[in-house]
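One structure is given here, and the rest of the page talks about it.
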Amino acid sequence: MTSLPKSTQRKMGLVIDLDTCVGCHACVVSCKGWNTENYGAPLSDQQPYGADPSGTFLNRVHSYEVQPLATSTMPHPAAQLIHFPKSCLHCEDAPCVTVCPTGASYKRVEDGIVLVNETDCIGCGLCAWACPYGAREMDAAEGVMKKCTLCVDRIYNENLPEVDRVPACVRTCPAGARHFGDFADPESNVSKLTAERGGMDLMPEQATKPVNKYLPPRLKDQLDQPKPVGEIDVLAPFLAPVIQEPKGFLGWLDKTLEKL
Amino acid sequence: MHPAPSVIVFTTLSGLGFGLLVWLGLGLPAVSGWVAFVFFVIAYALAVGGLMASTFHLGHPERAWKAFSQWRSSWLSREGVCAVAALLVMGVYAAGLVFFDIRLAVVGLIGALLSVATVFTTSMIYAQLKTVPRWKTPLTPALLIAISLAGGALLAGQVSAALVLIPVAGVLQILWWVRGDGAFGQSGTTMATATGLGQIGQVRAFEAPHTGPNYLLRELVFQVGRKHSLKLRGIAFGLGYALPVLLLLAPFTHILAIIAVITHVAGIAASRWLFFAEAEHVVGLYYGKR
């Protein structure tokens, strides 16, 4: 029960592409919608239209400003804005599972999904303390711990069209920033993406061995980046601006206004 | 971390109660009959009262019995098992002393060990958490056990033992504070590792995912009152450790002993409030907070 399985047959999880995420929060909304209407206790809100609104979410999108360090070639690098969706990482060494006193928290042997059996949860909150990622939230109305189920009621649901048998957040993402698959299979889309793009673990020093991987954002073009040295294209000279200074009437107007 | 009053009351009182049970189990003081009855009532009221208080913060207290099942992996479950075992064994020992004037020394010793084990398992609930660097140290169980034994000695009237144990606990308390202040920085967890974006540059929280508070911020990113931490440490140290020692050094009277107990408990409660309020959970980094 609360002991972790030595290994799991599959490692289902998400790849989240920080380069592609546009921070629209559609995954947040679809997650809340699906998981309020389906498996387990609904995700409640407290005073949703009141002065101090608060509620339970299994997926939240942070936004970070990352300021690259100045270099001699790039004295004033522009800051980069990165949207950062965060949900349960379904860790292989999930600390939330082993702390559970009742056995309500468990990691499935067949697919590695970390779940909470809500009828056994006493709402002590220790699993939320043990999770470094803030993936677990206690529902204030139900008094039980809620977390991402990887939409376990969608991915194997034969009543849904096959295209919908992915987590709600993945299905809804308009930017294609979320990918779902089996990390135990080196040929899966998520394994390939992770290998190609250098998928990373969050807080590796916490030794949780997260299954979900994050793809780092690619380098962006900068306004003041140094001019390329040498010719970059044989047609480049012909593409140079032909008129540097206004001539004719505009030239006269420019000079006259300058003198005023 | 949010300093929930129920948890502060629980850890303070039950620690004291189990500390008293340790001394009673060892036959210090050697009491029987009515005097033993009063001692055991005090110890059980503190220990059981604390355990009851701890269920107040549960979402589903009616299912608390299920927490005895996972002792193989969970320190919280082990704590429940140890606490009940200690209370049952000490119940047999107490019945012998109170009703039959028989001291079952072996039973008392087992009960005393189980009582220490209970305090140890409680402390490990906190000391196991990598997510709270201030707690993740062997000093945490050392401190909580020392406080429990010191408070127990105070309640049991073991003046010479208390005069050793309270200063020991006080020294551990200072070591725990000093180590704790640098613990988060030394844990290696930063906004850079939390987001994985440190390769690009300096990471700053630009916009939070939500404009209102949520469970995580209320429970794990409690920041109120940290600015008073130094003053509170002074109060906790003065009341919890220094004053009781001074009162015990004075010629013994019951009034002074009672005052020593009261100031000790007040000081430990203040220290326990800081234990939670000053503890920083790494999840705060995602919000650009500590």
- Flagged links, alpha-carbon separation over 21 Å, of A:Lys86/A:Lys220; A:Lys213/B:Lys136; A:Lys192/A:Lys213; A:Lys146/B:Lys136; A:Lys11/B:Lys130: A:Lys86/A:Lys220; A:Lys213/B:Lys136; A:Lys146/B:Lys136; A:Lys11/B:Lys130
- Taking only Cα atoms of chain A, the Rg to Rh ratio with Kirkwood Rh works out at 1.17
- Query: Placing +1 at every Lys and Arg Cβ and -1 at every Asp and Glu Cβ, with all other atoms neutral, what dipole size does the protein assembly as shown have around its Cα centre, in debye to the nearest 20?
  - Reply: 1140
- Note on the structure: Under a Gaussian network model of chain A whose springs join Cα atoms within less than 10 Å, the largest fluctuation of A:Thr56, A:Thr208, A:Thr119 belongs to A:Thr119
- Item | Computed helical MRE - 222 nm, chain A, DSSP H runs ≥ 4 contributing -39500 (n - 2.57), nearest 500 | -5000 deg cm²/dmol
- Note on the structure: If unit charges are put on Cβ atoms (+1 for Lys and Arg, -1 for Asp and Glu) and the dipole of the stretch B:5-286 is taken about its Cα centre, the option from B:Thr55, B:Phe276, B:Thr11 lying farthest towards the positive end turns out to be B:Phe276
- Hydrodynamic radius by Kirkwood for the stretch B:5-286, inverse mean 1/r across distinct Cα pairs, in Å, is 20.2
- If you average the sequence gap of Cα pairs under 8 Å that are 6 or more apart and divide by the length of the stretch B:5-286, what percent do you get for the contact order? 21
- Which of B:Ala150, B:Ala250, B:Ala67 moves the most in a Gaussian network model of chain B with Cα springs under 10 Å? B:Ala250
- Query: Using a basic spin-label model with each label point 7 Å from the Cα along Cα→Cβ, how many nm lie between A:Ser3 and B:Gln186?
  - Reply: 3.3
- Using Cα pairs under 8 angstrom and six or more residues apart, how large is the relative contact order of the stretch A:95-148, in percent? 31
- Which of the lysines could a cross-linker span from A:Lys247 if the Cα-Cα distance has to be under 26 Å and same-chain partners fewer than 8 positions apart are dropped? A:Lys255, A:Lys259
- Query: Which residue, chosen from B:Leu97, B:Pro213, B:Val261, occupies the Cα position most advanced towards the positive end of the dipole of chain B, where the dipole is computed from +1 (Lys, Arg) and -1 (Asp, Glu) charges on Cβ about the Cα centre?
  - Reply: B:Pro213
- Compute from the Cα atoms of the stretch A:120-228 the Rg and the Dmax, the latter being the longest Cα-Cα distance, and quote both in angstrom. 18.3, 63
- Message: Compute a Gaussian network model of chain A, connecting alpha carbons closer than 10 Å, and tell me which residue from A:Asp185, A:Asp19, A:Asp52 fluctuates the most.
- Response: A:Asp52
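Read-outs: derived from the displayed coordinates by stated rules, not from any lab. What you see is a predicted model; the values in this text were computed from it and never measured. No Cβ is skipped: glycine too gets one built from the backbone with ideal geometry, and neighbour counts run over all protein chains shown.
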